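Report on one structure; see the data block that follows.
FYI, it's all coordinate maths here, none of it is from the lab. Quick caveat: nothing in here was measured; it's all calculated off a predicted structure. Here the Cβ is made from the backbone with ideal geometry for all residues, glycine too, and neighbour counts use every protein chain on show.
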Amino acid sequence: MKYDLSEINEIIQNRRTIYPEFFSERKVHKEQIEGLLRNATWAPTHGMTQPWRFKVFMGSGLSKLAKFQSELYASITEKEAYNERKFDKLQNRPLKSSAVIAICMQRQKSQKIPEIEEIAAVSCAVQNMLLTGTAYGLAIHWTSSTPTYRTEMKSFLGLENNDRCLGFLYIGYPKDEWPKGQRKPIEYVTDWINE
Ligand SMILES: Cc1cc2nc3c(=O)[nH]c(=O)nc-3n(C[C@H](O)[C@H](O)[C@H](O)COP(=O)(O)O)c2cc1C
């Protein structure tokens with residue numbers, strides 16, 4: 001065995017979504033965010049396009065994001081569909097976080113690599129961040145909402161038309177016990193084709 005698999009298994013299986021309402025006051029430092037980003041860039045990438053791009057909101061950047069995304073939600077949502085709780089989450093959750101990372105995919109100019117593969121590569125980069133965060137003991141929530149996929153959000157994040165925002169990571173420290181998870185066993189999700 002080249003690496004300690006038991007530790008890797010533990011990190012993978014103990015990675016959990018922890019919501020900002022369950023973040024403590026303890027602040028995550030920039031160096032740790034850089035650690036997440038560094039590992040993100042080691043994800044597999046077809047054609048070495050390295051399509052991941054990150055916009056990190058910290059300090060007063062967090063209020064800027066909170067204001068923008070909650071106001072965007074309010075302005076694009078029909079009266080009948082408007083949900084005050086959604087607005088509040090968009091406004092309050094960034095402020096409960098030490099950092100928020102916008103997960104972005106920069107589309108290759110030639111578009112030779114299929115877009116789904118570029119999204120897959122960015123998703124792998126996100127998993128690297130989530131696992132690294134778990135090793136640091138960080139609480140992270142990957143979130144998406146109506147504003148996430150809007151062109152207004154692209155402009156706010158400085159993305160081009162063919163680029164995409166795939167969501168946001170809200171990052172802090174947990175204030176409570178680490179949550180437990182559950183998954184279907186592999187028998188439910190696997191077909192073996194032997195002949
Ligand atoms: C692309 C993506 C978007 C997600 N967006 C949300 C979201 O908007 N709100 C939410 O509560 N959870 C969101 N999640 C997190 C899932 O709810 C969470 O991973 C799932 O409940 C399993 O829990 P676990 O991460 O603790 O294993 C998202 C996950 C992914 C992969």
- Message: Is there a quick way to get the dipole size of segment 147-195? I mean about its Cα centre, with the Cβ of Lys and Arg at +1 and of Asp and Glu at -1; what is the value in debye to the nearest 20?
- Response: 260 debye
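What net charge is computed for the residues neighbouring Lys154, neighbours being all others with C-beta under 10 Å from the C-beta of Lys154, Lys and Arg scored +1, Asp and Glu -1?
Working: positive: Arg150, Arg164; negative: Glu152, Glu160, Asp163.
Within the 10 Å Cβ shell, the charges total -1.
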- Note on the structure: Within segment 1-86, DSSP-loop chymotrypsin sites (Phe, Trp or Tyr not before Pro) with at most 13 other C-beta atoms within 10 Å are Tyr3, Trp42, Tyr82
- Message: When a/c reaches 1.5 or more, the comparison of a/b and b/c decides; with that in mind, is segment 97-195 rounded, prolate or oblate per its Cα gyration tensor?
- Response: oblate
- Task: Could you work out how far the C-alpha centroid of segment 28-77 sits from that of segment 117-195, in angstrom?
- Result: 11 Å
- Message: Take the residue pairs Lys30/Lys86; Lys27/Lys154; Lys27/Lys96; Lys30/Lys154; Lys67/Lys154; Lys64/Lys89 and return only those whose Cα atoms are more than 19 Å apart.
- Response: Lys30/Lys86; Lys27/Lys154; Lys30/Lys154
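Give me the tail of P(r) for segment 150-192 as a percent: Cα-Cα pairs with distance above 11 Å.
On the way: 702 of 903 pairs.
Tail of the P(r) past 11 Å holds 78 percent of the pairs.
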- Task: For Arg53, list long-range residues whose amide hydrogen, built 1.01 Å from N in the peptide plane, is under 5 Å from its own amide hydrogen.
- Result: Cys104, Met105, Gln106
- Message: Given bins 5 angstrom wide, list per bin the percent of all Cα-Cα distances in the chain, short to long.
- Response: 1, 7, 14, 17, 18, 17, 13, 8, 4, 1, 1, 0
- Query: For Leu157 and Glu7, FRET efficiency with R0 = 41 Å and r from the beta-carbon atoms, rounded to 0.05?
  - Reply: 0.70
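Find, among the GluC sites (Glu not before Pro) in segment 7-103, those assigned to loop by DSSP (not H, G, I, E, B) with at most 11 other beta-carbon atoms within 10 angstrom.
Numbers: sites: Glu7, Glu10, Glu21, Glu25, Glu31, Glu34, Glu71, Glu78, Glu80, Glu84; in loops: Glu25, Glu78, Glu80.
Loop-located and lightly packed - Glu25, Glu78, Glu80.
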- Message: Just to confirm the filter: which trypsin sites (Lys or Arg not before Pro) across segment 84-155 are DSSP coil and have at most 13 other Cβ within 10 angstrom of their Cβ?
- Response: Lys109, Lys112
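Rounded to the nearest 20 debye, what is the charge dipole size of the chain about its Cα centre when +1 sits on each Lys and Arg Cβ and -1 on each Asp and Glu Cβ? Show your work: numbers first, answer last.
Numbers: 27 positive and 23 negative charges, 123 e Å.
My answer is approximately 600 debye.
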